[in-house]
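Accompanying notes for the structure given below.
The values are calculated or read from the model by the stated rules, or taken from the named source; none is laboratory data. For clarity, every value in this text was computed on a predicted model and none was experimentally measured. Neighbour counts are summed over all protein chains in view; Cβ atoms, including those assigned to glycine, are modelled from backbone coordinates with ideal geometry.
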Amino acid sequence: MPLNPSVVIVGAGPSGSSTAFHLLEHGVQDVLVLDKASFPRDKLCGGGLTRKAQQELDRMGVYDDKVATEAYHVPKPYIVMPSGNALYARPREDKLTQMLVLNRRILDEILMRRARQRGAEIREGVEVTELVREDGRCAGVRTRDGEIFSADVVVVAAGARSARLRPDGARSVELVALEGRYSGEPIEHGTACLVFEEAFTPQYGWVFPESEKIVNVGVAVMGRGKAKELRARLKVMVSKYLPRHLGEACVSCRTTGFPIHASYKIDHLVDGNVLYVGEAGSLADPLTLEGISQALVSGRHAAGSIAAYLRTGEASCLGAYQETVRRELRHFAYMRWVAAILKRRSGARLLEAVLRRTPKWLVDEKRFASP
């Protein structure tokens, strides 16, 4: 199979679109993105955009006139600690919002169109089923229809369902989440919350308003096969953190579960000339499960490493990608200990006391009553 000086990206979500966009910014012109879906398409996710995610979206030129106008602005996000006390993020004076919430159906299409506008060739409705290997390296990808696309570099950006494309030995923390979308007024205008109370630790629940009329509510637990536990936890979230009438009108008519791949240890992001970005590389935050910012960041760093490799032919350029991501996301290594602390009542009280003294947070002493 002849190799061309090209990059094939499997997946046009945030990580894939970020990779494509930044490759073109680096001057790499032959970029092909394949996605099995047709956009716009639904994607199960809370849709929370942290300040870091907003910074990355600004880098891509979609923040001001696209994302900021479409998203629900949350200037007062807060964390519910195991004690029941709420810690509010301290306001900052810049153009970014403490948190935005944007349905992934909208966000992912914005990013895909931005990559296409920049010059990437994006083919929708094309499912990649395997990596094609020749002489010990990846020569391209094969689709369900049997078509083969050759490439100098392949980027896997297909999210949590990329298991068959992962390298041998790759490990991740597997979690499952359950979410529902409910109609009605949010609890309080301009707020969203993460809930780390005892009923949910070491994982958490969330309440993310997508608009003044729709709220995304979800819970997550570690491991699979916990549908009954998830349903019970979601029921608690709806009854305790939403007005009573809100839980009576589910927009989607049913709650939906989905897998999340996270990791405390960042490795196996590079397998020869194959790079893994976003959740395909288990780069969701292992405590909060937030993955959009890591998807955008890893795509940007992957693009830089690939561009250097295509210029020089030095394989070490690709290897540098993993080290760069590991440095930027070095806090992942500590999340295991934070999760362990939250499990213990005394540890949770200590963590809350430390956060109270951190300039980033304001404390609200109110407690959320049991339903």
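Annotations for the structure displayed:
- Candidates Ala339, Ala353, Ala280, Ala295, filtered to the one that is among the hydrophobic types (A, V, I, L, M, F, W, C), outside the structural domain of Ser17 (by TED's automatic domain parsing) and within 26 Å of Gly218 (Cβ to Cβ): Ala339
- Scan of the range 300-350 for residues that are without any contact (Cβ under 8 Å) to a residue 12 or more places away in the chain, surrounded by 13 or more Cβ atoms within 10 Å (Cβ to Cβ), assigned to a helix (DSSP H, G or I) and not acidic (Asp, Glu), ordered by number: Ile341, Gly347
- One residue from Asp35, Asp58 being in the same structural domain as Gly146 (by TED's automatic domain parsing), closer than 24 Å to Gly281 by Cα, at pLDDT 90 or above and among the acidic types (Asp, Glu): Asp35
- Tally of residues being modelled with pLDDT of 80 or more and loosely packed, with under 15 Cβ neighbours inside 10 Å across the range 240-264: 0
- Of the criteria (1) assigned to a loop (DSSP other than H, G, I, E, B); (2) not assigned by TED's automatic domain parsing to the domain that holds Asp58, which one His189 fails: (2)
- Filtered residues of the range 277-298 (kept if assigned to a loop (DSSP other than H, G, I, E, B), among the small types (Gly, Ala, Ser) and farther than 17 Å from Arg105 by Cα): Ser282
- Arg116 satisfies every condition listed in (1) in a strand (DSSP E or B); (2) surrounded by 15 or more Cβ atoms within 10 Å (Cβ to Cβ) except (1).
To keep it simple, each residue is scored yes or no on (1) under 27 Å from Tyr309 (Cβ atoms); (2) surrounded by fewer than 19 Cβ atoms within 10 Å (Cβ to Cβ); (3) among the aliphatic types (A, V, I, L, M); (4) touching a residue at least 24 places away in the same chain (Cβ under 8 Å).
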position	(1), (2), (3), (4)
Thr97	no, no, no, yes
Arg123	yes, yes, no, yes
Thr129	yes, yes, no, yes
Arg142	yes, yes, no, no
Ser150	yes, yes, no, yes
Val155	yes, no, yes, yes
Ala163	yes, yes, yes, no
Arg181	no, no, no, yes
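- Subset of the range 213-239 that is in a loop (DSSP other than H, G, I, E, B) and in contact with an Asp or Glu (Cβ under 7 Å, 6 or more places away or on another chain) - its residue that is modelled with the lowest pLDDT: Arg224
- Residue that is nearest to Gln98 (Cα to Cα), among those in the range 18-54 that are assigned to a helix (DSSP H, G or I) and in contact with a Gly (Cβ under 7 Å, 6 or more places away or on another chain): Ser18
- Lone qualifier among Ala53, Ala86 - being touching a Pro at 6+ places or on another chain (Cβ under 9 Å) and closer than 30 Å to Gly347 by Cβ: Ala53
- Tally, over the range 165-179, of residues that are under 26 Å from Tyr309 (Cβ atoms) and of a type in the set (A, V, I, L, M): 2
- Residues being outside any loop (DSSP other than H, G, I, E, B) and touching a strand residue (DSSP E or B) at 6+ places or on another chain (Cβ under 8 Å) - total across the range 160-178: 10
- Filter result for Val28 (under 21 Å from Asp145 (Cα atoms) and buried (at least 18 other Cβ atoms within 10 Å of the Cβ)): no
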